[in-house]
1. Quick check on segment 384-393. Is at least one of its residues of a type outside the set (Gly, Ala, Ser), without any contact (Cβ under 8 Å) to a residue 40 or more places away in the chain and assigned to a helix (DSSP H, G or I)?
2. Tell me, yes or no, whether segment 120-143 has at least one residue that is under 21 Å from the mean Cα position of the chain (by Cα), in a helix (DSSP H, G or I) and surrounded by fewer than 24 Cβ atoms within 10 Å (Cβ to Cβ).
3. How many residues are among the polar types (S, T, N, Q) and either part of a helix (DSSP H, G or I) or surrounded by 21 or more Cβ atoms within 10 Å (Cβ to Cβ) (or both) if we restrict to segment 420-441?
4. Are any residues in segment 269-286 outside any loop (DSSP other than H, G, I, E, B) and at pLDDT 80 or above, and if so, which ones?
5. From the list Val299, Val327, Val304, which one is under 30 Å from Arg124 (Cα atoms), touching a Leu at 6+ places or on another chain (Cβ under 8 Å) and of a type in the set (A, V, I, L, M, F, W, C)?
6. Evaluate the following for Ala188: is it aliphatic (A, V, I, L, M), modelled with pLDDT of 75 or more and more than 30 Å from Ile443 (Cα to Cα)?
7. Kindly evaluate Ala151 against the criterion of being of a type in the set (Gly, Ala, Ser), modelled with pLDDT of 80 or more and within 30 Å of His119 (Cα to Cα).
8. Tell me which residues, restricted to segment 214-252, are modelled with pLDDT under 80 and of a type outside the set (Val, Ile, Thr).
Amino acid sequence: MEAAVNVINSIIWSRALIYLCLGAGLFYSILTRFVQVRLFSEMWALLLSGKSSAQGISSFQALTVSLSGRVGTGNIAGVAAAIGFGGPGAIFWMWVVAFLGAATAFAESTLAQIYKEEHGGQYRGGPAFYIEKAMGQKWYAWIFAVSTIIACGFLLPGVQANSISKAAAMAFGSGDIIQTSFGALSQAQIISGTVVVLALGFIIFGGVKRIAHFAQVVVPFMALAYILIALVVVFLNISELPRIIGMILGDAFTPMAGVGAAIGWGVKRGVYSNEAGQGTGPHAAAAAEVQHPAQQGLVQAFSVYFDTLFICTATAFMILITGAYNVHGDGALLIQNIGADIPANGPAFTQMAIESVMPGVGNPFVAIALFFFSFTTILAYYYIAETNVAYVNRVFHIPGLTFALKLLLMGATFYGAIKTANLAWGLGDIGVGLMAWLNIVGIIIIFFMAKPALKALKDYEEQKKSGVEKYSFDPEQLGIKNADFWVGKNKQ
């Protein structure tokens, strides 16, 4: 199965997708005149403004829901894999894809707000909705919706659960080996998988509001704690920091594993981590209660910065500054600082980095951090899959489909916890790649058809310049069609 998954990934994650991710970010950066830089202060102001409603969550809650999807195992195990297979220079390409991807995130999240709908007293939206309404291609929207249900309901949760079980085993021991129908499993795998599934069931059967409130509390706290630990590790090795930054910049273009490996792994794990262009962030963006679509686009652009430039950089600096990594290439170790049997596709590099500075702290801290990071990411996956089930049910009204999704996701989570890291990551990469292909092609076509995100940005900036106290959005006046929610809101 691993061999088949690797073949599929080699097709999906060809250089075409790597350069499509970078190219889309550059495309929207230029068109918006680098909105991710020009309106950075506005992002901060919007984070703390806005309120929830009976139908929608606040901008901050939407940010934390999308961050709970972005900040996950990719920030710990994903960064380790980027270094382990692409060399230190892969981190530079993670920075590049984050900077450019912030513009992509602005575009896709603004589109999600423009074309959102109200379903059962809740706001719903995302790529399937804006592909149908802006492109007028229902068949393409359906392909995205079904692909996303499969990706977020089955392929992606296992990656998060796998990292939790691996970190728990390293921190607290594997325990006894038990023979099961799934093969020989450790107690740590079984217990980790069971705990995550039970906690997951309690939250997801409570609805999107419970997910939003849980994420609002947990995400900022766990991220702050992780960054503080990283600062301690870096501060205790501060004399090494200039050398590490120089190594990242130098290896970005002449890494031992080859430039292609650094770019490929940097972009691949960058997109996996910050999800810019993947099409997951717009689902949470659409759920927000805002005065103008561009506002939530700006908030989501900031989340890309937070994810990669803060959390991923913190992980990278810890790993590199302590030398707790190996670099693999062409079946051999190009750099070996630690045991050759230490897997790069997991949290071990990060745990060893913290452990080397704070003995007795690194292993359990990363295990706990990974639990919260990954658990909230699985919750975000459920919300995204549920939104696309709602999209499908607009037409078919299949009874029990949401309930079946919950059971599928819980089963996939347990399965991921007990399988090998390579298989779990491989399945996850298929899910990310499929969504990225469909979404990025979609938002580029939409631009050439109607330019709705750009029109919304221009309208927002004009209102801001005129000093309005309350923003408004009139899609008909801007020549944006099928934005039914906003048309109805204006009539009311």
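1. yes
2. yes
3. Pass one, segment 420-441, residues among the polar types (S, T, N, Q): 420, 422, 439.
Checking the rest, the ones that are also either part of a helix (DSSP H, G or I) or surrounded by 21 or more Cβ atoms within 10 Å (Cβ to Cβ) (or both) come to 422, 439.
Total meeting the criteria: 2.
4. First pass over segment 269-286, keeping only residues outside any loop (DSSP other than H, G, I, E, B): 269-274, 281-286.
Gly281, Pro282, His283, Ala284, Ala285, Ala286, listed by residue number.
5. Working: Val327 fails: under 30 Å from Arg124 (Cα atoms); Val304 fails: touching a Leu at 6+ places or on another chain (Cβ under 8 Å).
Residue meeting the stated conditions: Val299.
6. Details: aliphatic (A, V, I, L, M): yes; modelled with pLDDT of 75 or more: yes; more than 30 Å from Ile443 (Cα to Cα): yes.
Yes, satisfied.
7. Considered against the rule, which asks whether it is of a type in the set (Gly, Ala, Ser), modelled with pLDDT of 80 or more and within 30 Å of His119 (Cα to Cα), Ala151 comes out as yes.
8. Phe214, Ala215, Gln216, Pro220, Phe221, Met222, Ala223
The values are calculated or read from the model by the stated rules, or taken from the named source; none is laboratory data. Computed from a prediction, not measured in an experiment: that's the story for all the values here. So basically every Cβ, Gly included, is an ideal-geometry build from the backbone, and we count neighbours across all protein chains shown.
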